[in-house]
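Shown next, in structure tokens, is the structure this report addresses.
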Amino acid sequence: MAQQDFPLDHGGPVDRPFERFPASALAHSITQRFFATAQHFAASLALSDATRSLTYAELSALVERIAAATATAAVAADRCGPVAILLPSEVSYPAAMLGALASGRGFVPLDPSNPDERNRLIAERAGVVAAISCAALLDRLRAFFAPDLPVIDIDTIADVPVHKPVAPATADDLAFIVYTSGSTGTPKGAYHSHRNLLHDVMQQTNTLHLNHTDRVALVYSPTVVGAIREIMMTLLNGASLHILPPRELQPDGLAREVKTRGITICRMVPVLLRRIAEVLRPGQRLESVRVLGLGSQRVDWSDYDVFRRCCTPGAFLIVGIGSTECGGNFCHWFVDERLRTADGRLPIGRVLPDATVRIVGNDGQAVGPGEVGEFVLASRYIALGYWRDPERTAASFSVDPADSGIRVFRTGDTGRMRPDGLLEFAGRDDQQIKLRGHRIELGDVEFALAKCAGVEDAAVVVRRNENAMPRSLAAYVELREGAGELRPRSLRRALLTQLPQYMIPATINIVDRLPRLPNLKIDRPKLAQLDAARATRTSAPPDDPMVARLIEIFERVLGDVKATADDNIHTLGGDSLQAVRIALELESCLGVAIPVEVFEAAQTIGELAGWITARGGSAHPAVAAAD
């Protein structure tokens, strides 16, 4: 697809003075740029968390001590490989990243909130040669790391001799490996070079006009690509990074810290911005924020409206899309309200320089203008592959036949190109299913649910039969504060005004909080596990005799189906004629006339059982006959 002729900062802070990040920097290492920046801004604030702050001089000294300790530990291990980092989200984490790089090693970030078994598996698959941690986490770390693995306790390295890097890296050396969940449940590690990360920093610097006066908020866990980008773009430009974990601060605390610290650049997921908007007093704004970024999940025009309520008129909203494999975003734009459309879908941006995107169908051929297909990204700066996993690498990455330096990656994201050159996101390719002859984008169902009054966020899970074929949809909904007693039935009725019947989930479950990953995306594997457990419970023989009787009737009339209390006529593949047959059968067996429109309301068998019982129906044929 043709490259769009728009500069990185198009529609953004084009008049703000800054020092452009030069392309020549991509020929060197991250640590070379960092130490030069630290020397220039020695007395300036570099890092800050809830309890501790470091100037660039202090950070540089700590990085050198970590590098020396790491190099010694790695030499003692007599192995090649990256260094694991297991630390809380505080100032020591960025220092450990830079220290590992300064020792000539790449790093593998681990999240203490992950189960120990997952961190153990990641470290094992990465082949780490040492680990950087702290006193509070050493016992946990020792429990899942090999006994002979060298561990650097960042709290006890004050006496380590300070010196410059012992093994300076080159631009093409390993910088980091970030592991994400694979479709088989086994983590897969996308790995990037110094050059890749510096390219992302260059694009972000020149997009945001970032300079040394900026105060950047780190809201994401340091273990995700977006956080690594945020850390490095800040510390390689002399700005200050403020670590503000939303789980600890909660929305009101995060809003307070943004205002108190004078944060100028902040990126987050839309649901977090909505929660901040709820705690801001009328007329109160995040006055210091000049650029707000939204991403990691679908962004809609309603989120733009929330942004406008939270930020000053002169602030910019930037959105885009990327992935762990892409390293950064492959498209973005500063949102222009003049391009707003009535359907509520906000575009994800224009393709960035140094990248091309093709939109292809299932056959791998380019789709027609305006048609939906998968985004296929080509660039010199995407992941080098999956670490120590040639089969997965070959399945997802390829080389441009015209230029061996350009890698091609099938993103799994789908969408279309608008006539104005903006890309629209449709959903994940793995979230498109065919159910009872209908092709369904799960993202469309989630989008419709999110538009319902009182809904904060929603996710949809596919339930499958014994042959692994899609059987029904189950929705999970997180409500907004003050939504009151919102019922699944009310949401189902609201969906019926937006979606065709075949797209309505069989069950709608209201939960306190949807499970989330460190980057605050919905944790879909965990949600699938929760749904599987719930489905197992509901598939057990029902205690309610009326539910059991209805299941028997549904299965007899429809044939070759296995029903549960959470099913309805539509999830079981029934048509209008079969609905009439079931209604007649129920009237004959249970003594209650059931209008066909009751089925059209998509009530579950469990709800239908309650409806019949409330009208005097009985599950026992003899009693029904007497009636």
* For Leu249 and Glu117, what is the calculated FRET efficiency with R₀ set at 30 Å and r taken between the beta-carbons, to the nearest 0.05? -> 0.60
* Selection from Met97, Ile359, His28, by position along the positive dipole direction of the chain (Cβ) -> His28
* So, by mean Cβ neighbours within 10 angstrom, what's the order for 8-15, 120-127, 47-54 with the highest one leading? -> 120-127, 47-54, 8-15
* Structure fact -> Summing +1 per Lys or Arg and -1 per Asp or Glu among the other residues with Cβ less than 12 Å from Asp400's Cβ gives +2
* Nearest 0.05, what FRET efficiency do Ala395 and Ala533 give at R0 = 35 Å with Cβ-Cβ as r? -> 0.70
* Difference of contour (0.36 nm per residue) and Cα-Cα distance, Lys259 to Ala453 -> 66.9 nm
* In the neighborhood of Ile348, defined by Cβ-to-Cβ distances under 12 Å, what is the net charge if each Lys or Arg adds +1 and each Asp or Glu adds -1? -> +2
* Structure fact -> So Glu552 and Ser24, fully extended at 0.36 nm per residue minus their Cα-Cα distance, gain in nm 182.9 nm
* To do: Mean Kyte-Doolittle of at least 0.0 plus a Cα span of 27 Å or more along the axis: flag which DSSP H helices in the chain meet both, please.
  => 56-77
* About its Cα centre, how strong a charge dipole does the chain have in debye, to the nearest 20, once Lys and Arg get +1 and Asp and Glu get -1 at the Cβ? -> 600
* **Residue-averaged [θ]222 nm for the chain, counting only DSSP H segments that reach four residues, each worth -39500 (n - 2.57)** => -10500 deg cm²/dmol
* Asked: Straight-line reach from Lys562: which aspartates and glutamates have Cα under 20 Å away, leaving out those fewer than 8 places along the same chain?
  -> Glu466, Asp531, Asp543, Asp544, Glu552, Asp575, Glu585, Glu607
* Asked: So if we plug the beta-carbon distance of Asp512 and Ala50 into 1/(1 + (r/R0)^6) with R0 = 22 Å, what FRET efficiency do we get, rounded to 0.05?
  -> 0.30
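Here, each number is a calculation from the coordinates, and none is a lab measurement. Predicted model, so just to flag it, every value in this text is computed and none were measured. All Cβ positions, even for glycine, are placed from backbone atoms using ideal geometry, and neighbour counts span all protein chains on display.
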